[in-house]
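Accompanying notes for the structure given below.
The values are calculated or read from the model by the stated rules, or taken from the named source; none is laboratory data. Remember, it's a predicted structure, so these values are computed and weren't measured experimentally. Side chains are part of the model used for accessible areas, which takes the heavy atoms of the whole protein and leaves out ligands, DNA and RNA. Shrake-Rupley method; radii C 1.70, N 1.55, O 1.52, S 1.80 Å.
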Amino acid sequence: MVDIREPRIRAAAEREMAKWSAAQQIAERVIRFDQAHAGQRKIGPFITISRQAGCGAEEIAQRVGEKLQWDVIDKNVLDAMAQRFCLERSQLESIDESPGNWVRDTLGQWLDPHVISSDKFLACLERVVWAAARKGQVIFVGRGIRFVLPDDAGLAVRIVASEKYRVARIQKEKGLSESEARRFVQELEAARQRFVQQFFHKDVNDPQWYDLVLNVERWGVETTADLIVAAWRAREAVLSAQQRK
């Protein structure tokens with residue numbers, strides 16, 4: 001039995017609770033904005049960040065969010081919003097918690113193939129993403145969202161790194177052996193590729209779908225975040241010029 005009084009475990013639990021609380025707050029702001037602006041389809045600005053498994057894109061997104069003072073819409077926020085928009089408690093309680101469920105691991109507990117059909121998932125994902133995108137000034141991490149939103153109000157980024165870098169990072173973050181970390185990275189990467197192919201019929205690794213592809217191993221987390229901010233500023237200038245025409 002896990003002893004939650006153990007300092008390391010307690011600290012980890014407190015971090016997760018803090019992340020979930022912050023996610024709920026962001027979700028509430030987005031939902032209130034969407035309710036006040038129902039029917040409006042204008043969106044943006046936004047940034048979508050796709051990533052190879054183990055790149056640390058969530059940390060990069062948080063840095064970008066801090067620099068731009070934007071909200072970061074990651075797994076926790078999407079979960080919170082999806083629960084409000086799409087699912088009843090009875091559906092959430094019936095979700096399979098088996099560790100091998102790649103859909104749950106990739107998307108979080110609000111999507112399970114035994115509970116939600118592909119069509120319902122796509123409708124649910126579009127609804128929560130558009131609600132956040134209408135609010136604007138948001139950064140989306142993963143979930144194939146680059147393929148949900150149009151190109152004319154955002155910036156699409158892909159974060160990559162060598163497998164060696166990603167395995168070492170996961171090893172350190174999760175306390176795994178090298179072989180366990182490599183298996184984790186490879187399985188998660190394969191799951192994400194299947195997910196994007198299944199739901200969006202796209203190759204997530206194809207660079208043509210992104211405005212910017214950055215190797216975090218070469219640039220480091222801080223500079224990668226700075227480059228994304230600089231790219232957004234340039235993109236913003238282009239969008240402003242187009243709107244003035």
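Per-structure values
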| quantity | calculated |
| --- | --- |
| Restraint check, 42/164; 42/67; 42/174, Cα-Cα greater than 32 Å | 42/164; 42/174 |
| Overall form of the stretch 156-230 per C-alpha gyration tensor (a/c, 1.5; a/b vs b/c) | oblate |
| Nonlocal amide H pairs with residue 215, under 5 Å, H built at 1.01 Å | 160 |
| Residue 67 - accessible surface, heavy atoms, 1.4 Å probe, Å² rounded to 10 | 80 Å² |
| Anisotropy class of the stretch 121-245 from Cα gyration tensor, a/c 1.5 cut | oblate |
| Candidate residues 165, 210: accessible-area rank, largest first, probe 1.4 Å | 165, 210 |
